[in-house]
Amino acid sequence: MSHPLFGIVLVMATLLALMAGVRWAGTRFDLHPELQRKSVHMGMGLITLGFPWIFSDTWPVVLLALLAVVGLLAMKWIRPLKTGFGGALHGVARSSLGEIYFPLAVALLFILAGEIPVLYVVPMLVLTLADAVAAIIGVRYGSHPYSTSEGHKSAEGSLAFFLTAFGSTLLPVLMMTDVPAGKVIIGALVIGLLVMLFEAISVGGLDNLFIPVGCYGLLESYRQL
């Protein structure tokens, strides 16, 4: 593993480049604000998936989370930053702290998972892919809406979330553990269904916290069994 400070600088630089790139593409190609937001979400998640192999201690991840929270709050409240880097995140006209919960979830998961990478990778992969795919499918193909406390979601988006969460659980557990395939399939089905429900009832961006923590709790329960 490289020196933690080098890893911190590399991750921060990559995140800034990601946000700048998405913002440029959004302006250049007139991308839907939800697509820009979820592109940043997916990019951040994919970057953080490597943390168990980049950092051996928890303090660099906690420090990165704190730096990310400060930076994201600045992009939310400081107008020049909001219209610049923050434009990729704040183009959607709804009040949410989801981007703040995201780095907090990363740090919490890293601490909870300890020396078992699969307990970190699966929740982060579900959070990274399932939520973004559900939002994109819902915006593009959602024709069967249902009401939630935040407004409306679609059956198509929820189905996309379930299928993506199922695959994001199934493949890493099969590849990173020796659990029999039959048990993995059943566990992935249950986890996919339950975290889909977490996503459906979450408000104010709390799905970015409930989904990974709930997924971790379910995985840990199955591991104990």
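The values are calculated or read from the model by the stated rules, or taken from the named source; none is laboratory data. These numbers come from a predicted model, not from an experiment. Please note: Cβ atoms are built from the backbone with ideal geometry, for glycine as well, and neighbour counts cover all protein chains shown. Just the protein is used for accessible areas: all its heavy atoms, side chains included, with ligands, DNA and RNA removed. Shrake-Rupley method; radii C 1.70, N 1.55, O 1.52, S 1.80 Å.
Results, tabulated for the structure shown:
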{"quantity": "Å² of accessible area per residue within the chain, as computed with a 1.4 Å probe and no ligands counted", "calculated": "50 Å²"}
{"quantity": "Kirkwood hydrodynamic radius (C-alpha pairs) into Stokes-Einstein, the range 1-86, 4 °C and 1.567 mPa s, D in µm²/s", "calculated": "94 µm²/s"}
{"quantity": "Surrounding net charge for PHE110, when Lys and Arg each add one and Asp and Glu each subtract one, Cβ distance under 15 Å", "calculated": "-3"}
{"quantity": "Summed residue charge, Cβ within 11 Å of ASN208's Cβ, Lys/Arg positive, Asp/Glu negative", "calculated": "-4"}
{"quantity": "Of all accessible heavy-atom area on the chain, the percent that carbon and sulfur account for (1.4 Å)", "calculated": "71 percent"}
{"quantity": "Hydrodynamic radius by Kirkwood, which averages 1/r over all alpha carbon pairs of the chain, in angstrom", "calculated": "17.9 Å"}
{"quantity": "Calculated log₁₀ intensity ratio I(q)/I(0) where the Debye formula runs over C-alpha points of the range 93-225, q = 0.20, 0.22 Å⁻¹", "calculated": "-1.12, -1.30"}
{"quantity": "Over the chain, relative contact order from alpha-carbon pairs under 8 Å, at least 6 apart, %", "calculated": "21 percent"}
